[in-house]
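The block underneath contains the structure these notes are about, expressed in structure tokens.
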Amino acid sequence: MAKDMGVAEHGSFTTKDYHDPPPAPLIDLEELTKWSFFRAIIAEFIATLLFLYIAVLTVIGYKSQIDVAHQGDQCGGVGILGIAWAFGGMIFVLVYCTAGISGGHINPAVTFGLFLARKVSLTRALAYMVAQCVGAICGVGLVKAFQRSYYVTYGGGANQLQDGYSTGTGLAAEIIGTFVLVYTVFSATDPKRSARDSHVPILAPLPIGFAVFMVHLATIPVTGTGINPARSLGAAVIYNKDKAWDDQWIFWVGPFIGAAIAAFYHQFILRAGAVKALGSFRSSSSHV
């Protein structure tokens, strides 16, 4: 099978068996005139709202079920495994529903990583991030409206560094966790993979949702698992307690660093972007 930049016997380049979309422009004001752009923003808003509503409601429900002070059972409820499934399962469902409309980001860190890889313009990236954050706030607001008696008592689903863990540990957990997620997003949506591994059927939302599930299993005991700045901000805004705000920076800095590393790793190491650029430069120089 042909390689994307392979050299044939007589020195001519082989043709690609896949097509990469062209890089998105840095600023694309033309998008602002298209209904598809605003439709995508609405999709991101609604998806993030639903994600936070289901996920945070699951967290609060679990804590209320194990509260022995209110006749709960410490061995009852869905447990950490169930919480992880709620987050991962909702991401699977929502990415599946919105992938064809907005790309199914539902996470500012994912949007940031895709922006760095020139998959989306700065215009779209900023609009998505705002929609995701507002959607997250509204989603947690619905949880508080429906579960007001439990919401504050059981922490509001807010992310915060857990007792016994240092700031460095929490930051590292968020960086690595987000790297896993964003790396999975790049891999699952890579047109090169789709062409080369067409004999291996893959539904992109499935590995993405599973990545969210696995990261939650690992990091719920450390930070409650952010890996999504909108999720952390939405919970902090509605809960509005000092601890949630004091640790908020971890849930922005960590995910953005993790997303940037994932974008660089996929684009310049796995896809050899730097090598291709250098090869093109040398080829151009040799013909001068």
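The values are calculated or read from the model by the stated rules, or taken from the named source; none is laboratory data. Everything numeric here is computed off the predicted structure, so don't read it as measured data. Don't worry about glycine lacking a Cβ; one is built from the backbone with ideal geometry, like all the others, and counts go over all protein chains shown.
Here are the numbers for the structure shown:
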item	result
Inter-residue pairs, beta-carbon under 9 Å, first in contact (Cβ under 8 Å) with a residue 24 or more places away in the chain and in the stretch 229-249, second loosely packed, with under 14 Cβ neighbours inside 10 Å and assigned to a helix (DSSP H, G or I), 6+ apart	D247/T167
Residue within the stretch 29-44 that is modelled with pLDDT of 80 or more, in contact with a His (Cβ under 8 Å, 6 or more places away or on another chain) and not in a loop (DSSP other than H, G, I, E, B) present	yes
Test: residue in the stretch 61-72 that is in a loop (DSSP other than H, G, I, E, B), at pLDDT below 95 and in contact with a helix residue (DSSP H, G or I) (Cβ under 8 Å, 6 or more places away or on another chain)	yes
